[in-house]
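The values are calculated or read from the model by the stated rules, or taken from the named source; none is laboratory data. Everything numeric here is computed off the predicted structure, so don't read it as measured data. Backbone-built Cβ (ideal geometry, glycine too); neighbour counts: all protein chains shown.
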Amino acid sequence: MPEKLTKEELIAKANKPGEDAMKLHPFYRGKIEIVPKCCVRSFDDFAIWYTPGVAKPCLDINKNPEKVMEHTNKWNTVAVVSDGTRVLGLGDIGPEAGLPVMEGKGLLFKYLGGVDAFPICLDTKDPDEIIQAVKWLQPSFGGINLEDLSQPKCFRILETLRREMDIPVWHDDQQGTAAVTLAGLINALKLVGKEMGQVKVSMIGAGAANICIARVMIAAGFDPEKFVMVDSKGTLHKDRTDLQEKFKEKWEMCQKTNADDIRGSIPEAMKGADICIALSTPGPDTIKKEWVAGMAKDAIVFVCANPIPEIWPWEAKEAGARVVATGRSDFPNQVNNSLGFPGIFRGTLDVMARTITDEMCIAAAEELAKCAEDKGLHEDYLVPTMDDWEVFPREAVAVGMKAIEQGVARITLTREQLYEKASAIIKRAREQTHMLMKQGFIPEAPE
């Protein structure tokens, strides 16, 4: 069990993926590439796919712009857009250094959701320039996944693009994290026998992720007055006028949360709380055992900083937490965005939705929770894992049906049609990868 490992063994285990990455990234020289999806029976076929034949679909799109979804791959493409200012806890490392992450995102999109995703790293930090650049991309893509943008500009960029673009735009660090976290919380509350509207929630960290998690939790039925959020300067409350001008989203949380006007920092926020959600400074001593011990009976603790959670999960359990989740795959209950965005975008694209609403995220969270429940909930199994492939078409169906219900879908399909479509696309992506490996077109990685 992880808790029996020595500190040195834990550090070695945490460092192993990075060591392997330094061997395999230069070996493969990237993680994704473009391959044809049409037949090339002879060179004569290029007259169909390019000039002169291509003029016919071009003119058809010119006459009927919606035909672009029929004649091209726009219907299944997503741009993964970043400026490299807040990469994976590494901070502002720049667009080139962020490119391996965006390529990795493209790989997960394809393998888990059958979505063709392309990394677009922009050489600007100016939010207005980022907004304009993304707008310019709209003709070529069916959706936009914003990634690793620093706050507070990430809020305005998302809000503006969602309002002004005609294709779905989302920020995975906000909405993706929120969806998967909510899924875990739904099942954790079932295990401890508590209700959404009754629990006290402490949120350690007030970045883009936790603010969006709070927003989605409130939309799902949690009571905002029972939330206490903490940033680097202490709890958020109505007298935090330092946030009024610069951090609009934090200021909004000051107005709607913390009805008991709790002042202080992390220990004061956690005292008596039923739930702690931490996305803050990596640990293991950001959260102390005694603070967990001061929480309510059957406490739920989500400590999701990477690479080291704010407190080791076994220490949180020793302090009295009943259910613990982290962001790491080597501990139980990994809260992983990869469970969310591939299926959510699959469902969004399959109904050609104009946007991704909070309600669509909640529908995805509820289906994720149900997937885990169907396999048998227990304290070390709150959410599915990435190898549960059927999770992704189920999630896609839930999202697509919610988009249809809300009137943001361009096409209407039945639940059965959505499941059949999503399953076929995802299976094709996986089987294609396995075939390329088997045939040696993707060479075997060195030891």
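Determine whether Leu59 is part of a helix (DSSP H, G or I) and within 22 Å of Glu444 (Cβ to Cβ). Taking the combined requirement at face value, the residue does not satisfy it. Once region 25-78 is narrowed to residues that are touching a Phe, Trp or Tyr at 6+ places or on another chain (Cβ under 7 Å) and among the aliphatic types (A, V, I, L, M), the residue that is farthest from Ala117 (Cα to Cα) is Met69.
Has region 430-447 got any residue that is out of contact with any Asp or Glu (no Cβ under 8 Å at 6 or more places or on another chain), surrounded by 12 or more Cβ atoms within 10 Å (Cβ to Cβ), more than 30 Å from Asp166 (Cβ to Cβ) and of a type in the set (A, V, I, L, M)? Within region 430-447 (the criterion being out of contact with any Asp or Glu (no Cβ under 8 Å at 6 or more places or on another chain), surrounded by 12 or more Cβ atoms within 10 Å (Cβ to Cβ), more than 30 Å from Asp166 (Cβ to Cβ) and of a type in the set (A, V, I, L, M)), the answer is yes, since at least one residue qualifies. Among the residues that make up region 45-52, is at least one of them at pLDDT 95 or above, under 24 Å from Leu349 (Cβ atoms) and not assigned by TED's automatic domain parsing to the domain that holds Ile442? Checked against the condition, which is being at pLDDT 95 or above, under 24 Å from Leu349 (Cβ atoms) and not assigned by TED's automatic domain parsing to the domain that holds Ile442, region 45-52 yields at least one hit. Check whether at least one residue in region 342-350 is aliphatic (A, V, I, L, M), assigned by TED's automatic domain parsing to the domain that holds Pro309 and touching a Gly at 6+ places or on another chain (Cβ under 7 Å), and report yes or no. Looking for residues that are aliphatic (A, V, I, L, M), assigned by TED's automatic domain parsing to the domain that holds Pro309 and touching a Gly at 6+ places or on another chain (Cβ under 7 Å), one finds at least one in region 342-350, hence yes. Of the helices (runs of 4 or more DSSP H) lying entirely inside region 72-188, those containing at least 3 residues that are charged (D, E, K, R) and over 17 Å from the mean Cα position of the chain (by Cα) are 127-137, 153-164. Within region 152-196, the set of residues being basic (Lys, Arg) and farther than 24 Å from Trp75 by Cβ comprises Lys153, Arg156, Lys190, Lys194.
All of Gly221, Gly142 fail the test of being within 30 Å of Ile120 (Cβ to Cβ) and modelled with pLDDT of 95 or more, apart from Gly142. Looking at (1) assigned to a helix (DSSP H, G or I); (2) at pLDDT below 95, which is the only condition Glu245 fails? Unmet for Glu245, out of (1) assigned to a helix (DSSP H, G or I); (2) at pLDDT below 95: (1). I'm trying to understand the selection: among the residues of region 79-96, which are more than 23 Å from Phe118 (Cβ to Cβ) and either touching a Pro at 6+ places or on another chain (Cβ under 9 Å) or touching a residue at least 60 places away in the same chain (Cβ under 8 Å) (or both)? Hit for region 79-96 is Gly89, nothing else. If you go through region 26-37 one residue at a time, do you hit one that is in a helix (DSSP H, G or I), basic (Lys, Arg) and either surrounded by 16 or more Cβ atoms within 10 Å (Cβ to Cβ) or within 22 Å of the chain's Cα centre (by Cα) (or both)? The answer is no, given that none of the residues of region 26-37 is in a helix (DSSP H, G or I), basic (Lys, Arg) and either surrounded by 16 or more Cβ atoms within 10 Å (Cβ to Cβ) or within 22 Å of the chain's Cα centre (by Cα) (or both). Of the strands (runs of 3 or more DSSP E) contained entirely in region 269-351, not one carries at least 3 residues that are among the charged types (D, E, K, R) and at pLDDT below 95.
Scanning region 232-259 for residues that are under 17 Å from Ala278 (Cβ atoms) and surrounded by fewer than 21 Cβ atoms within 10 Å (Cβ to Cβ) turns up Ser232, Lys233, Gly234. Residues that are assigned to a helix (DSSP H, G or I) and touching an Asp or Glu at 6+ places or on another chain (Cβ under 8 Å) within region 400-422 comprise Gly400, Lys402, Gln406, Leu418, Lys421, Ala422, listed in sequence order. Condition first: more than 27 Å from Gly376 (Cα to Cα) and either surrounded by fewer than 23 Cβ atoms within 10 Å (Cβ to Cβ) or at pLDDT 95 or above (or both). Now tell me which residues in region 174-204 satisfy that. Within region 174-204, Ser202, Met203, Ile204 meet the criteria.
Cβ separations smaller than 7 Å between residues 6+ apart or across chains give the following pairs from region 1-29 residues that are among the acidic types (Asp, Glu) to residues that are at pLDDT 80 or above: Glu3/Trp314. Just one of the listed residues (Gly94, Gly114, Gly104) is surrounded by fewer than 21 Cβ atoms within 10 Å (Cβ to Cβ), of a type in the set (Gly, Ala, Ser) and under 18 Å from Thr77 (Cα atoms), and it is Gly104.
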